[in-house]
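Taken together, the values in this text are just the output of simple stated rules run on the coordinates, not laboratory data. Everything quoted here is computed from the prediction, not taken from an experiment. Backbone-built Cβ (ideal geometry, glycine too); neighbour counts: all protein chains shown.
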Amino acid sequence: MRWYAATKNAGKLRELRAIFASYDIEMAVWETYAEPEETSDTYTGNALIKARSLREQLLRSGVRAPVLADDSGLEIAALGGRPGVYSAYYGGEHATWEQRRAAILREVAASGSSDRGARFVCVLCYIGIDGGEIFADGFAEGELSRDQRGELGFSYDPIFYEPGEGATFAELSEARKNVLSHRAKAAKALMEKLAAARGPSA
């Protein structure tokens, strides 16, 4: 089965493809996909904006296929849950991911808080061929590391420490991260909802 992913983020696309391959789903991209402005202040709202935009672009080209959009972010306890839904823009629209990670570490250090709690949040929006919309979320609970560690993963992975693994997400293999991540958990929840919607005879 082929779905289309509403993203131009190479790291996110790689993860989505690996995660959904285990469900026999090919995650394709629409080469001319024009990313919409994310105007919502919630993960759900932004995922919906992206999914609907891609679906409309596909339909205009005569393509009828399921679409999937992801909106995710890092929530840090010492920063009152920031950057959250604005994670991709923390430090300015043109900041690099390394600059964003460094800025977060500096801000938490300056806060004087000893709370290192952090979590990744992911909300997926699936739109079927019939236009039905289904949402699913997933969470990865962990801690904010004290420095950037690891060369794997992307975005905030080098500063997200998974205590059970004794490593940041950027130090874990792709296969291991794709078991533990917020995105993997949201995918599992989505597939369970789709299976329930099809019913036992599907």
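Results, tabulated for the structure shown:
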| read-out | value |
| --- | --- |
| Per DSSP, loop GluC sites (Glu not before Pro) in the stretch 24-111 with at most 10 further Cβ within 10 Å | Glu31, Glu37, Glu93 |
| Karplus (6.51, -1.76, 1.60) ³J(HN,Hα), θ = phi - 60°, over the stretch 154-164, in Hz, Gly and Pro reported as x | 6, 6, 8, 3, x, 10, 9, 9, 9, x, x |
| For the stretch 128-187, size of Cβ-based charge dipole, Lys and Arg +1, Asp and Glu -1, in debye | 100 |
| Whole-Hz couplings from phi, Karplus 6.51/-1.76/1.60, listed for the stretch 9-21; x for Gly and Pro | 7, 4, x, 5, 4, 4, 5, 4, 4, 5, 5, 7, 4 |
| Summed side-chain charge close to Leu58 - residues other than Leu58 whose Cβ falls under 12 Å, Lys, Arg +1, Asp, Glu -1 | +3 |
| Sequence-distant residues sharing a close amide H with Phe160 (under 5 Å, placed H) | Ser145, Phe169, Ala170 |
| In the stretch 119-161, GluC sites (Glu not before Pro) in a DSSP loop with at most 16 other beta-carbon atoms within 10 Å | Glu151 |
| Fewest-first sequence of Asp70, Asp147 by Cβ atoms within 10 Å of each Cβ | Asp147, Asp70 |
| Inter-probe distance in nm under a simple model that places probes 7 Å from Cα toward Cβ, at Arg146 and Ala196 | 4.3 |
| Exposure proxy order (Cβ contacts within 10 Å, fewest to most) of Leu124, Leu58 | Leu58, Leu124 |
| Per-residue Cβ neighbour rank within 10 angstrom, fewest leading, Met191, Met1 | Met1, Met191 |
| Trypsin sites (Lys or Arg not before Pro) restricted to DSSP loop in the stretch 1-106 with at most 16 other C-beta within 10 Å | Lys8, Arg64 |
| Built amide H within the under 5 Å cut-off of Arg82, gap 5+ | Ile76 |
| Burial order of peptide ranges 175-182, 108-115 (average beta-carbon count within 10 Å, highest first) | 175-182, 108-115 |
| Inter-centroid distance (Cα atoms) of the stretch 82-147 relative to the stretch 1-62, Å | 19 |
| Distance histogram in 10 Å bins (all Cα pairs of the chain, percent per bin) | 9, 35, 35, 17, 4, 0 |
